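Just so it is clear, none of the values below were taken in a lab; they were calculated from the coordinates. Predicted model, so just to flag it, every value in this text is computed and none were measured. When we count neighbours, we look across all protein chains shown, and the Cβ atoms used for this are built from the backbone with ideal geometry, even at glycine.
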Amino acid sequence: MSEATAHTLEACLRRGVREFVVCAGARNLSLVLAVIRCEGTKVWSHFEERSAAFFALGRIRKSGAPVAVITTSGTAVAELMPAVIEAHYQQRPLIVITGDRPPRYRASGAPQTIEQVGLFGNYVEGCNDINGEGVVPLENWSGLSP
């Protein structure tokens, strides 16, 4: 497990995430495998990102706890936008974790490359591009918006 994967999973667990809704793909495989292997978590698998994100909102409503949705890169990320907007206005603790292409492929026309950083605009409290390293800063997240 990479350092970035470990930090991401640890940050989610510290914030009370116990349910993960995953849409597996090449760019998020290491995190999906880590979540599956993590004891005490529930993993819901979906094949389509838009419905996965709305399913996550339903799980948040049921449990009251934050839920993370994990997707691969590219337009898969854009499919989350409607649920992110709903979570924002409903003040639901949705965490969105997306894979991305390596920086050298971004803005190159390579498959599954869109500008993901900042895609959700004002509908999220923060957006962090950890680029395979670093710590995911969820400590100051209010949980009142994605």
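Worth a mention:
- Taking other C-beta atoms within 10 angstrom as a stand-in for reagent exposure, ARG101, ARG37 fall in the order ARG37, ARG101, fewest first.
- Contact order normalised by residue count of the chain, Cα under 8 Å, 6+ apart, percent: 27
- Normalising the Debye intensity of region 3-123 to I(0), with uniform scatterers on Cα atoms only, and taking log10 at q = 0.10, 0.11 Å⁻¹ returns -0.28, -0.34.
- Under 5 Å from the amide H of GLU19 lie the amide H atoms of LYS42, ALA68, each residue being 5 or more positions distant or on a separate chain, with H modelled from the backbone and absent for Pro and chain starts.
- Inter-probe distance in nm under a simple model that places probes 7 Å from Cα toward Cβ, at SER2 and THR75: 2.5
- For region 85-109, the residues whose backbone nitrogen is under 20 Å from a point 7 Å from the Cα of GLU125, taken along Cα to Cβ, are 85-98.
- Working from label points 7 Å from Cα in the Cα-to-Cβ sense, the SER63 to GLU115 distance is 3.4 nm.
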